[in-house]
Structure formats: C-alpha cells, structure tokens
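Quick one: the structure is below, and I'll ask about it shortly.
The values are calculated or read from the model by the stated rules, or taken from the named source; none is laboratory data. These figures come from a predicted structure and were not determined experimentally. Cβ coordinates were reconstructed from backbone atoms using ideal geometry, including for glycine residues, and neighbour counts include every protein chain displayed.
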Amino acid sequence: MGEFWKRLIFGFLFVVIVIGSIILGRYAASLMLMLVVMMASSEIANIFPHEHDKPLKDIVGCCSVMLYIFFFVLSRNFDSIESGIYVAPIFFFIPLLIALFSKKHNYVSVVGASWLSMIFVALPCGIMTLFYNEELMGTDKGWLLLIFAYILIWVNDIFAYLTGSAIGRHKLCPRISPKKTIEGSIGGAVFTMLFAYFINRFILNIFFFDSYINNIEVLLLALGVVIFGTLGDLTESMMKRHAGVKDSGNIIPGHGGILDRFDATFMAMPFVFIYILLI
C-alpha cells in the first residue's frame, strides 16, 4: 500500500472514530478521550529525556488519567463545577510528592513529564467532556459544537498544508518546524474562516442553533482555532525536536502517534470552550 493511500485510509478511519464517538454520546466520547489521554501520556513519557522506563510511564499515565476522570465527574454535575476548579490544582502536587520521595526516578523527569502531560493532554481532554453539560453550555447540542471545532481544526491543517505546498516561501518557525510557512498559515486561516462562516450561516443557525452564534462570533472562533491550533502543533513539534524524534509514535499508520493527531486539538479546544462561555 502506497504512503498516500495509507494516510488517506487511516486518516478517514481516525475521523470516523472521533466523530462517531462524539455522536454516540457522553460515555462513548469520554471513553475515546480517556484512551487518548492514556496513549498520549505514554508518548510524552517516551519522548521525555533521561528516563524511558515503565514505572515513569505509569506515573505520568496515572496522574493524567486521574485529572481527566476528575473533569469527567465534574461534567455530570453543574453545581460542582465551580468548586471543582479550585480542587483541580491539588492533582498537580501528586507527581511532586512522588518525585520527592522516590529513590528510583530523576525528579525532573517525574514532575516535568507528568505536568506536561496533565496540562497539554489531560486538562484539554477533560474540558472536552464539559461540552456535554447542558446547563454550562446553554444548549443540549454541545456535542455538535465539539464536532464543529474538530472540523475547523482539520480544515485548517489541510488548507495550511495545501497553501504552504503551493506558494509557501517564508518559514513560520524554522527552528521548530521547518516545513510550516507564513503563507500556509494565512491560507489555512482564510479557508477555515470562510468554511466556518458558511457552515454557521447555512447549516448550524438554520437547522440546529437558531442564531446561537452569530456570523462575526463564528469568524473570531475560527481565527482563534487557527491560532491556538497552530500553537499546539508547534508545541508538539518542539517536544519532538528536543527528543530527536520524527513522530511521537506509530499507532496510526501514515500519521504517527496520538500526539501527532491531537496536538492542535489540545490547545484549540480549551479556547473554544472558554470562548463559547464568554459570548
């Protein structure tokens, strides 16, 4: 099987699994996100310097999963969300305590890998479960907003790549990601904003939300997704470059690891969630 067809087939399967899980409901989406947390935290432990042993993976994975489960529980009870926000930072002390009393691990590896995984992976995935809270989101179609945000991320990835390949000349961040260009980023932003505008005007507001988000607001939403998605992509590229690896893993043939597929999502989704609450 050629590389192009491998990327196309497994990319399609990836989209079906993600979108299908969200449509099936809170529990299917939450299970999918938990698997993402487990696999992505393992990849972070693998590419983190100094140690690559199984106990370190277990520590990073357990800390990340605990934080994610905490947010999942919060997503089911609107009244506990405000108090839960104040409790969440306690989870960040767990790897610190493990590092202080562990005789096997370098404390920088334990704390660094755990905090990175909790902030970059578990926290965004936990926030995604909150889209299913009707009282918080102000609609029973938060799952549709989640799908919409995912599609915007993918549209930006596709058109940034196509535009950059066609007319890209000036590097966006050559030290971290030599292939990304300013022209590609601008092209991705323009197409993503146009896509968001037309989908919102002719599909979402007509059939689903009845002007839940107006056209100006959706353009700003799309721009934010582009900016934060690009930051997520660059953050993961920085981690891989520091570790000297091309991909974070190989679980998705032709696409690399879970981090490679969700890097933009991990930064874009928290922005989408906060933005929706503010408008």
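Name the pairs whose Cβ atoms lie under 6 Å apart, with the first residue in segment 231-255 and within 17 Å of Phe266 (Cβ to Cβ), the second assigned to a loop (DSSP other than H, G, I, E, B), and 6 or more positions between them or separate chains?
So the pair list comes out as Leu234/Ile176; Ser237/Ile176; Met238/Ile176; Asp247/Gly257; Ser248/Gly257; Gly249/Gly257; Ile251/Gly257.
Does Leu204 satisfy the condition of being of a type in the set (A, V, I, L, M) and either surrounded by fewer than 20 Cβ atoms within 10 Å (Cβ to Cβ) or at pLDDT 80 or above (or both)?
Numbers: of a type in the set (A, V, I, L, M): yes; either surrounded by fewer than 20 Cβ atoms within 10 Å (Cβ to Cβ) or at pLDDT 80 or above (or both): no.
When the stated conditions are applied, Leu204 does not pass them.
For segment 139-153, how many residues are crowded, with 19+ Cβ neighbours inside 10 Å and within 15 Å of Gly229 (Cβ to Cβ)?
Selection size over segment 139-153: 6.
Next question, about the same structure. Ala28 fails exactly one of the following numbered conditions: (1) at pLDDT 95 or above; (2) over 19 Å from the mean Cα position of the chain (by Cα); (3) not charged (D, E, K, R). What is the number of that condition?
(2)
Moving on to the next point. Does segment 227-236 include one or more residues that are farther than 17 Å from Trp154 by Cβ, at pLDDT 90 or above and in a helix (DSSP H, G or I)? Give the derivation first.
From segment 227-236, those farther than 17 Å from Trp154 by Cβ are 234-235; that's our starting set.
Next, from what is left, pick out any that are at pLDDT 90 or above: 234-235.
Narrowing the set further to residues that are in a helix (DSSP H, G or I) leaves 234-235.
Checking segment 227-236: at least one residue is farther than 17 Å from Trp154 by Cβ, at pLDDT 90 or above and in a helix (DSSP H, G or I).
Quick one: in segment 256-279, which of the residues that are crowded, with 23+ Cβ neighbours inside 10 Å and among the aromatic types (Phe, Trp, Tyr) is nearest to Asn46 (Cα to Cα)?
Phe262
Which is at pLDDT 90 or above, in contact with a strand residue (DSSP E or B) (Cβ under 7 Å, 6 or more places away or on another chain) and either in a helix (DSSP H, G or I) or under 21 Å from Met39 (Cα atoms) (or both), of Gly126, Gly164? Full working, then the answer.
Details: Gly126 fails: in contact with a strand residue (DSSP E or B) (Cβ under 7 Å, 6 or more places away or on another chain).
Among Gly126, Gly164, only Gly164 is at pLDDT 90 or above, in contact with a strand residue (DSSP E or B) (Cβ under 7 Å, 6 or more places away or on another chain) and either in a helix (DSSP H, G or I) or under 21 Å from Met39 (Cα atoms) (or both).
Quick grid of which residues meet (1) outside any helix (DSSP H, G or I); (2) within 29 Å of Ser21 (Cβ to Cβ); (3) without any contact (Cβ under 8 Å) to a residue 60 or more places away in the chain:
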residue: Phe92; (1), (2), (3): no, yes, yes
residue: Pro95; (1), (2), (3): no, yes, yes
residue: Leu100; (1), (2), (3): no, no, yes
residue: Val110; (1), (2), (3): no, no, yes
residue: Leu130; (1), (2), (3): no, yes, no
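Among the residues of segment 175-192, is there at least one that is of a type outside the set (A, V, I, L, M), more than 25 Å from His255 (Cα to Cα) and out of contact with any Gly (no Cβ under 6 Å at 6 or more places or on another chain)?
First, the residues of segment 175-192 that are of a type outside the set (A, V, I, L, M): 175, 177-181, 183-185, 187-188, 191-192.
Keeping just the survivors that are more than 25 Å from His255 (Cα to Cα) gives none.
No, segment 175-192 contains no residue that is of a type outside the set (A, V, I, L, M), more than 25 Å from His255 (Cα to Cα) and out of contact with any Gly (no Cβ under 6 Å at 6 or more places or on another chain).
Right, here's the next one. Of all residues in segment 244-260, how many are closer than 14 Å to Leu234 by Cα and either small (Gly, Ala, Ser) or part of a loop (DSSP other than H, G, I, E, B) (or both)? Even if it seems obvious, please write down each step before you answer.
Of all residues in segment 244-260, those closer than 14 Å to Leu234 by Cα come to 246-248, 259-260.
Adding the requirement that they be either small (Gly, Ala, Ser) or part of a loop (DSSP other than H, G, I, E, B) (or both) leaves 246-248.
Within segment 244-260, residues that are closer than 14 Å to Leu234 by Cα and either small (Gly, Ala, Ser) or part of a loop (DSSP other than H, G, I, E, B) (or both) number 3.
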